[in-house]
Each structure stands twice: as structure tokens, then as C-alpha cells.
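We did not get these values from a lab; they are worked out from the coordinates using the rules stated. Quick caveat, the model's predicted, so the values are computed rather than measured. Reconstructed Cβ throughout: ideal geometry from the backbone, glycine too, with neighbour counts over all protein chains shown.
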Amino acid sequence: MIDAKRRILLKGSIAAGSVGVAVGAGILSPSLVLANWNEAAFSAKSLPDALSSLMGSDATETNDAIKIKAPDIAENGAVVPVTVEMDLDGVKSIAIVASENQTPLIASFDLGESAMPFVSTRIKMARTSDVVAVVQTGDGLFSNAKEVKVTIGGCGG
């Protein structure tokens, strides 16, 4: 029994030491494992600019198959739970937008071919606005919106 624990400890120590040496030697750097970030889209001040930078177009078509679950009234804009799911095929990405925020693009999720088109997160909202879900499929961009009333702003309000 003691030998098994000792072996696990030794294996873990060797693995951690190897990663430490790789980072120290510059073979493995944190920038290689971080997600790709579209700075232009996330710093855009308007919704059309953000969508154009992120998805190549800002022309969306409203689709009721996109279901947004969010509270009607958010007591604190700093933590607003949002869930987006849909009955569409071939979903490539999902973006969540708060239209009245200073920078409207909140989150973007790229999905694999066999991924279920469902995301759930918590967002910050500066004030009452529409939460918009923009979905990119092979057929184009689709969106749906839900108004969320914010009583206490979460983005410095």
C-alpha cells in the first residue's frame, strides 16, 4: 500500500519538475496554451463593429429557435446568469452581447462539429438592455434578444 502512494508521489513530482524545466527553458510558454482572443471585437464600442470583427458580418436574421434564459429583473448587474440554447443544425459559434454596455460583446464560444449548441455563463451588465445571442451557422448569422432590467449596475454603475 505504501509503495503505491510513493510511486504516485514520485510520478507527480517528476511530471511537475518536467513542466517546470520546459517553462524555464522556453519550450513551453503560457501564450501557447491561452485561448485565441479577438481584441478588435471585444474592444469595439458598437454592436455592428463587434459582430463584423468577430463573425465577418453584422447582418443577422431573427430566429425564435434561439432560446435565451435570463432573469427579467437582475438585482445586481455584476452577476447576471445567461443560458443560450437552440434547435439549429451546424452551429459554429455563439456570441453573447449586452447592447447597452460600453463594449457590447460579452462572450464568444466556438463550437466543434459534434458539440451541443448550448452555453451557460454569468455576464456583467451596466444598465437595463437587451441580451442578444448571435449564432453563426453555415447558413448565416441568426439572433434573438431578451430584455433584462438591471437595478444595480455591474460595470461601475
Original post:
Under a straight-distance cross-link criterion of Cα-Cα below 15 Å, which aspartates and glutamates are reachable from residue 92, leaving out those fewer than 8 residues away in the same chain?
Top reply: 110, 113, 139
Subject >> Charge dipole magnitude, Cβ of K and R +1, D and E -1 - the chain, Cα centre, debye nearest 20 >> reply: 1040
Original post:
Taking H as built 1.01 Å from N, whose amide H comes closer than 5 Å to the amide H of residue 74, not counting residues under 5 places away?
Top reply: 149, 150, 151
Original post:
How long are the three semi-axes of the equivalent ellipsoid of the chain, in whole Å, if each is the root of 5 times an eigenvalue of the C-alpha gyration tensor, listed from largest down?
Top reply: 38, 20, 18
Subject >> Percent RCO, i.e. relative contact order, over the chain, from Cα pairs under 8 Å lying at least 6 residues apart >> reply: 23
Original post:
Non-local amide H neighbours of residue 44 (under 5 Å, H modeled in plane, Pro and chain starts lacking H): which ones?
Top reply: none
